[in-house]
Amino acid sequence: MPANINVLYLAAEAEPFIKVGGLGDVAGSLPRYLRSPLDKASDSGRADVRLVIPRHRVLKAGGRGVRPLVDFAMPFQGGETRVQVFTTVVDGLPVYLLDGPPISAGGSVYSADAALDGDKYVFFSLAALEMMRYLDWRPNVVHANDWHTSLACYGLLLRRRSGDYRGVASVLTLHNLPFMGPDISKALDAYGIAEVETGLPDWARPRPLPLGLWAADAIVAVSPSYAREIQTREYGCGLEQYLRARRDSLNGILNGIDYDSYDPAADPALASNFKIATLERRPLNKSALQLRLGLPVDEHVPLLGVVSRLDPQKGIDLLPPAMRRLRDQSWQIAILGTGSTAIEQSLKGLQDDFPNRVRVEIKYDAGLARQIYAGADLLLMPSRYEPCGLSQMIALRYGCVPIVSAVGGLRDTILADETGFLVSSPTAARLASAIKRALTILADAVHWRQLQEAGMSQDFSWRVSATKYVDLYQRLLAQTALG
């Protein structure tokens with residue numbers, strides 16, 4: 001096994017370049033942390049991680065020190081297509097941005113046109129592999145994320161079978177199994193990518209995520225519970241038997257959050273900074289949030305918070321009926337997010353019914369999100385399934401006690417009645433019951449502070465997750481060395 005582990009990390013989005021969803025948080029943070037754990041474990045070894053993302057149209061204005069690196073040809077439809085590689089360094093992390101006709105045609109990070117996205121991400125995944133020939137650096141591991149980059153694992157395996165890129169292992173992190181990508185059979189033909197026997201169901205064979213799951217040397221689900229859940233009929237999306245057959249290669253590693261960024265003691269978005277020893281300062285954030293949202297300012301009224309995609313997966317449609325069941329209780333609720341038009345309208349209806357209790361902000365606002373984490377007493381996450389979830393980790397860090405469904409990463413991060421509350425199954429009645437119980441405990445200041453302190457003492461930093469990924473890389477390379 002080499003002393004240095006070189007990792008080429010592929011993602012569709014990454015902060016600080018571009019963020020659409022949670023993957024942008026992950027890809028913007030994990031690669032930076034992956035560069036450090038091995039340094040501390042060994043005097044001679046280190047993890048050299050390099051991030052690769054598409055040079056989306058919005059990124060072509062330049063900035064961040066981006067400069068051209070190399071231009072090369074890649075086979076396409078009996079001829080060739082051009083790939084342009086740009087590079088920069090962000091906080092010590094080398095970054096490559098790939099461009100070419102399908103990326104230019106693709107426009108936004110994700111589009112409503114499945115075929116357009118399929119063409120873009122097939123090109124990106126294969127171009128990232130081809131780029132390796134032109135770098136004065138060779139990865140030991142190609143690490144892909146979700147369907148957009150999973151074809152890199154498939155392409156890598158085919159190249160290894162032909163004698164190319166031997167000794168390079170692949171890892172595929174699975175953030176959300178139902179999103180498997182479109183039929184890419186035409187694109188594969190255009191790039192001369194052979195179809196091989198995979199044992200996948202017929203419907204899955206032309207889709208990028210199943211192909212990546214078949215080809216990857218290691219699969220990582222973003223929580224231990226989700227790794228188990230996707231092997232069941234309820235959560236396996238038709239691939240449960242296949243995933244059970246690959247269980248020896250299936251790992252569960254929790255995502256983390258950036259504790260330097262999400263730090264209530266130093267967060268500039270807050271009205272009052274605080275830490276465990278100074279929790280008495282936290283209520284000032286509640287008053288500031290109530291004032292900002294136009295809610296009656298009252299420290300003693302329980303304030304519930306929601307920071308989420310407004311999507312049935314997240315169980316947000318359960319909020320209006322659950323809160324109506326609690327009309328005789330004292331509460332306020334602040335909801336931030338965008339998503340389903342039907343859910344947005346339902347939430348607005350709840351606000352119309354309870355104008356002095358409910359505020360719904362249909363937008364993306366990172367500063368307001370942080371103020372909700374720091375000012376709300378409770379965070380609601382009644383997800384129907386949740387591969388990992390980041391909001392509950394941020395809430396714990398900020399002394400906001402979560403009420404979550406007992407699924408996936410929520411089950412793995414919330415200790416029932418110690419750091420938060422678990423809802424056995426996502427229904428409006430059970431959510432209302434959990435809120436009612438939490439409000440009873442909130443009235444006991446001593447008990448509530450114990451919950452807050454226990455939550456704030458948890459460690460869900462990226463350093464914990466990164467160390468587990470480095471351990472996985474080491475195991476893969478040890479297996480490769482043994483043949």
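The values are calculated or read from the model by the stated rules, or taken from the named source; none is laboratory data. Owing to the predicted nature of the structure, the values given are computational and were not obtained by experimental measurement. Cβ sites come from the backbone with ideal geometry, for glycine too, and all protein chains shown count toward neighbours.
Structure values in brief
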quantity: Odd one out for residue 267, checked against (1) over 30 Å from residue 154 (Cα atoms); (2) in contact (Cβ under 8 Å) with a residue 24 or more places away in the chain; (3) assigned by TED's automatic domain parsing to the domain that holds residue 412; (4) not small (Gly, Ala, Ser); calculated: (3)
quantity: Enumeration of residues in the range 249-283 that are in a helix (DSSP H, G or I) and within 21 Å of residue 457 (Cα to Cα); calculated: 276, 277, 278, 279, 280, 281, 283
quantity: Subset of the range 291-308 that is part of a strand (DSSP E or B) and under 13 Å from residue 358 (Cα atoms) - its residue that is nearest to the chain's Cα centre (by Cα); calculated: 306
quantity: Verdict on residue 61 being more than 28 Å from the chain's Cα centre (by Cα), over 20 Å from residue 142 (Cα atoms) and among the aliphatic types (A, V, I, L, M); calculated: no
quantity: Some residue of the range 336-359 being touching a residue at least 40 places away in the same chain (Cβ under 8 Å) and outside any loop (DSSP other than H, G, I, E, B); calculated: yes
quantity: Members of the range 100-122 found to be in contact with a Phe, Trp or Tyr (Cβ under 8 Å, 6 or more places away or on another chain) and among the hydrophobic types (A, V, I, L, M, F, W, C), listed by number; calculated: 103, 122
quantity: Residue, nearest to residue 271 (Cα to Cα), within the range 354-377, restricted to residues that are surrounded by 24 or more Cβ atoms within 10 Å (Cβ to Cβ) and in contact with a strand residue (DSSP E or B) (Cβ under 6 Å, 6 or more places away or on another chain); calculated: 372
quantity: Verdict on residue 434 being of a type outside the set (Lys, Arg), in contact (Cβ under 8 Å) with a residue 40 or more places away in the chain and part of a helix (DSSP H, G or I); calculated: no
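Residue-wise test of (1) assigned to a strand (DSSP E or B); (2) modelled with pLDDT of 95 or more; (3) hydroxyl-bearing (Ser, Thr, Tyr).
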| site | (1), (2), (3) |
| --- | --- |
| 58 | no, no, no |
| 81 | yes, yes, yes |
| 84 | yes, yes, no |
| 89 | yes, yes, no |
| 95 | yes, yes, no |
| 104 | no, no, yes |
